[in-house]
Amino acid sequence: MPIVHITLVEGRDDALVENCIREVARCVSDQLRAPIETVRVMVNELPPSRFAVGDRLKSDPPAS
């Protein structure tokens, strides 16, 4: 049973995230030759204040 975890910063439209989940499931099913009903896709959405690149939080104002 393939399990895919996706972590995103909050803020994307629900429809976009749902479409991504479906497309990832289909891709994994096709590429691994796994029945689609065995594929699990989980999306974790984090607030911008809980995600950083280096020491810059996504919630920080843009660097000047």
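The values are calculated or read from the model by the stated rules, or taken from the named source; none is laboratory data. Predicted model, so just to flag it, every value in this text is computed and none were measured. Here the Cβ positions follow ideal geometry from the backbone for every residue, glycine too, while neighbour counts run over all protein chains shown. For the accessible areas, the whole protein counts, side chains as well, though only heavy atoms, and no ligand, DNA or RNA atoms are used. Shrake-Rupley method; radii C 1.70, N 1.55, O 1.52, S 1.80 Å.
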Residue under evaluation S49, criteria (1) in contact with a Ser or Thr (Cβ under 7 Å, 6 or more places away or on another chain); (2) surrounded by 14 or more Cβ atoms within 10 Å (Cβ to Cβ), criterion not met: (2)
Answer residue from the stretch 1-19, given it is open to solvent by 80 Å² or more (accessible area, probe 1.4 Å) and touching a Lys or Arg at 6+ places or on another chain (Cβ under 7 Å) and is farthest from L57 (Cα to Cα) among those: M1
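What about V24, is it surrounded by 13 or more Cβ atoms within 10 Å (Cβ to Cβ), under 19 Å from the mean Cα position of the chain (by Cα) and assigned to a helix (DSSP H, G or I)?
Criteria met by V24.
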Inter-residue pairs, beta-carbon under 6 Å, first on the phi < 0 side of the Ramachandran plot and at pLDDT 95 or above and in the stretch 50-61, second in a loop (DSSP other than H, G, I, E, B) and among the aromatic types (F, W, Y), 6+ apart: none
First in the stretch 1-22 and free of Cβ contacts under 8 Å to residues at least 40 places away in the same chain, second anywhere and among the basic types (K, R), Cβ under 6 Å, 6 or more apart: I3/R40
